[in-house]
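Student: Below is a structure I'd like to ask you about.
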Amino acid sequence: MRKNLVLTLILATCAVGAFAQEPKAHWSFDTIENRQTKEAVSGRSDPLEGYFETAPGVKGAGLLLDGFTACLKTAGADRIVTGREITVEAWISLGEYPWNWCPILTAESDEVKGYRLMVGPLGQASLECAIGNQWIACTTARDALPLRTWIHVAGVYRADSGLTVYLNG
């Protein structure tokens, strides 16, 4: 986890696989017990680390993160593997821009395979995917992410057409 995370509220889902109809992983943050939340698809409890609070989300509860230590860690990231198509998405509201590139959602292995949905220091959103042991990125323009406003960020990789980042659709 990078220490410069300055996301205010987050609700994350992701779907993986060609034409996936159902998410492969989803965290709603509506129920947190003993600093753990259930991942809805597997039913497994995943730990929330660092300082965080719950806050109203787009639908249900969201997480108010401290910007430095808070994160959700899942042992199930290895089952979220990239193939010919992947979509990762999250609802976020930024209190301020981070000092550096900060993860919204990452699943990586040895920094040579995986994906990252990130927020940049100039208000950008970016999807990065490891393709052929090389990281390829699709990044929005500066100031694409407004502050203190709910934004739906989605990153899509399709082997036949490349990377795309969507903001609010």
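Student: Go through (1) closer than 20 Å to residue 26 by Cβ; (2) over 16 Å from the mean Cα position of the chain (by Cα) and name the single condition residue 70 misses.
Tutor: For residue 70, the failing item is (2).
Student: In this structure, does residue 121 turn out to be in contact with a Pro (Cβ under 7 Å, 6 or more places away or on another chain), crowded, with 20+ Cβ neighbours inside 10 Å, over 27 Å from residue 34 (Cβ atoms) and of a type outside the set (Val, Ile, Thr)?
Tutor: no
Student: For the range 9-22, does any single residue satisfy the condition of being in a loop (DSSP other than H, G, I, E, B), surrounded by 14 or more Cβ atoms within 10 Å (Cβ to Cβ) and at pLDDT below 85?
Tutor: Yes, some residue in the range 9-22 is in a loop (DSSP other than H, G, I, E, B), surrounded by 14 or more Cβ atoms within 10 Å (Cβ to Cβ) and at pLDDT below 85.
Student: What are the pairs with Cβ atoms under 9 angstrom where one residue, in the range 28-39, is more than 12 Å from residue 54 (Cα to Cα) and the other, located anywhere, is of a type in the set (Val, Ile, Thr) and surrounded by 11 or more Cβ atoms within 10 Å (Cβ to Cβ)? Sequence gap at least six, or different chains.
Tutor: Here the result reads 38/31; 39/74, each pair linking the range 28-39 to a residue that is of a type in the set (Val, Ile, Thr) and surrounded by 11 or more Cβ atoms within 10 Å (Cβ to Cβ).
Student: On the basis of being in contact with a Cys (Cβ under 8 Å, 6 or more places away or on another chain), under 22 Å from residue 118 (Cβ atoms) and small (Gly, Ala, Ser), does residue 70 make the cut?
Tutor: no
Student: Of all residues in the range 37-51, count the ones that are more than 10 Å from residue 26 (Cβ to Cβ) and in contact with a helix residue (DSSP H, G or I) (Cβ under 9 Å, 6 or more places away or on another chain).
Tutor: 2
Student: Can you tell me which condition residue 165 does not meet? The list is (1) in contact with a helix residue (DSSP H, G or I) (Cβ under 7 Å, 6 or more places away or on another chain); (2) at pLDDT 95 or above, and all the others hold.
Tutor: With respect to (1) in contact with a helix residue (DSSP H, G or I) (Cβ under 7 Å, 6 or more places away or on another chain); (2) at pLDDT 95 or above, residue 165 is out only on (1).
Student: Pick from the range 75-113 the residues that are closer than 16 Å to residue 131 by Cβ and assigned to a loop (DSSP other than H, G, I, E, B): which of them is modelled with the highest pLDDT?
Tutor: Applying the filter and picking the extreme gives 84.
The values are calculated or read from the model by the stated rules, or taken from the named source; none is laboratory data. Treat the numbers as computed from the prediction; the structure is a model and nothing was measured. Every residue, glycine among them, receives a Cβ derived from its backbone with ideal geometry; neighbour counts consider all protein chains shown.
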